[in-house]
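Structure first, then comments.
Each reported figure results from applying straightforward, stated rules to the coordinates on display, with no laboratory input. These figures come from a predicted structure and were not determined experimentally. We place every Cβ from the backbone using ideal geometry, glycine too, and count neighbours over all the protein chains shown.
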Amino acid sequence: MRTRTRSPRRAVVLAAVAALAAGVLAGCAEDTDDPSGSAPGGGEGGKGKTTITVGVFGAFGLKEAGLYDQYMKLNKDVVIKQTSIERNENYYPQLLTHLGSGSGLADIQAVEVNNIAEITATQGDKLVDLGTADGVQKDSFLPWKWSQATTSAGKTVGLGTDIGPQGICYRKDLFAQAGLPTDREAVGKLWAGDWRKYLDAGKRFKAKAPEGTAFVDSASGVMAAITGSNANRFYDKDGKVIYKTNPSVRQAWDTAAEFAGAGLTAKLQQFTPGWDQGFANGTFATVSCPAWMLGYIQDKGGEAGKGKWDVAAAPKPSNWGGSFLVVPEASKNKEAAAKLVAWLTAPEQQATLFAERGSFPSSQAAYALPAVSGAKHEYFDNAPIGEIFSAAAKGVPVQIVGPKDLIIAQNLADIGMLQVDQKGTSSKDGWNAAVKAIDNALDQ
């Protein structure tokens, strides 16, 4: 499996972010100068054919997996044209501008998970209700994924393409040297059900750790994984920012700070050259890894890491990443576009996307299909990744996604926890620094 990329990961790190976006193979599909990343919507494609335009960011995977070609073979009267802007941080603001003006939009637009709450809350009236579109079956999607793109009035404006259920990737050779079990089932039992048990396993590892190795890559990575396993995070159901007083967020912070204080981290910042080198050199034994990260680890770990890495279940189900497809009301081909979105996000096509691109399905109905249920990853000692990540996906809680989740998560990680991890700043001072930065960013 190879991960696909949409934007540099540092721009979205630790925010349950761009699903399946690893920043190493970034590419464009039919680049355009149109700032929305889309060709003019609607119209006939010549010879009586209808052209459906699709605007995405990065190498989104649908075209690369051959899904457009397959659809056009099944529907001879349709031509699909995709355009892409490489970086979501450039794509998304311009998408908002075009939604506001009702022009310059593709018939179908991609939306990254960290933007879906804002799109749903502020642009819902400008998007087609895909929940009522022909061919769409709500029950085939994971409930928490479906809810992320559904307005308070019950209008579902986006259908999920992929998600990022997490496991724990670990180095079997380092575990063996530290006297820990190496079988993935036994490893999962070390910390099953409790992130504090993950901390305890780290202390056991440290007691006999091979020289120059740490248990985890970073405290920020631990914090993000714990936060992603909780139903309540940064916002409440009324849209109020609650991270300061939310016990779940403080628990994630305090536990991650304990990892740093106990000397269990390699003190790295994710998606930096040093972190990449850590995979190659085997300087840390575990990392919280969504399905899309397996390809990244394989790329950075190289041939020397093959068979040394494995995947176990995380202490609690957690998600990091994912995207959606929406259809603007301004589209001149709304019905045809909605039909295409329904087909692209159907279980069979999501299974194909997983097999070809490593994008884990948001359709729970896809998990029984052989391409998913039987999937194994050779690099990770033939780990049954279809089974592991399907189980994780089904257990992810329905979460409240707020419009500024990314800003809050980035500042907690890069302003606060990074200081605690790398500079030895106290947990209290690191928290206060993060809160100050977030307040400034949110104008509070």
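A few remarks follow.
- Per the Debye formula on identical point scatterers at the alpha carbon atoms of the stretch 178-220, with no solvent, log10 I(q)/I(0) at q = 0.19, 0.25, 0.29 Å⁻¹ is -0.59, -0.97, -1.15.
- The relative contact order of the chain comes to 24 percent, based on Cα pairs under 8 Å that sit 6 or more residues apart.
- Flagged links, alpha-carbon separation over 22 Å, of LYS189/LYS300; LYS308/LYS376; LYS81/LYS376; LYS206/LYS300: LYS189/LYS300; LYS81/LYS376; LYS206/LYS300
- Look at where the Cα atoms of the stretch 384-405 and of the stretch 256-289 average out, and the two centres are 23 Å apart.
- The stretch 320-377 and the stretch 211-244: distance between their alpha carbon centers, rounded to Å: 27
- The stretch 112-162: relative contact order in percent, alpha carbon pairs under 8 Å with at least 6 residues between: 41
- Highest-MSF residue in the chain out of SER101, SER331, SER147 [GNM, Cα springs under 10 Å]: SER101
- Most to least packed among 67-77, 125-135 [average Cβ atoms within 10 Å]: 125-135, 67-77
- Cα centroid of the stretch 72-90 to Cα centroid of the stretch 124-138, whole Å: 19
- The calculated Kirkwood hydrodynamic radius for the stretch 296-417 is 17.1 Å, given to one decimal from all distinct C-alpha pairs.
- The chain: calculated mean residue ellipticity at 222 nm from DSSP helix runs of at least 4, using -39500 (n - 2.57): -11500 deg cm²/dmol
- Estimated FRET transfer efficiency (ASP173, THR132; beta-carbon r; R0 51 Å; 0.05): 0.45
- By definition, a body whose alpha carbon gyration tensor gives a ≥ b ≥ c is oblate when a/c is 1.5 or more and a/b is not larger than b/c, and the stretch 207-348 fits this oblate description.
- Taking amide H positions as modeled 1.01 Å from N, with prolines and chain starts lacking one, the residues under 5 Å from ASP381 and 5 or more places away or on another chain are GLY307.
- Multiplying each eigenvalue of the alpha-carbon gyration tensor of the chain by 5 and taking the square root yields semi-axes of 37, 24, 18 Å, largest first, rounded to whole angstroms.
- Here the extension length gained between ALA262 and ASP194 equals 22.7 nm, from 0.36 nm per residue of separation less the Cα-Cα distance.
- When DSSP beta bridges are restricted to pairs lying wholly in the chain, around 70% turn out antiparallel.
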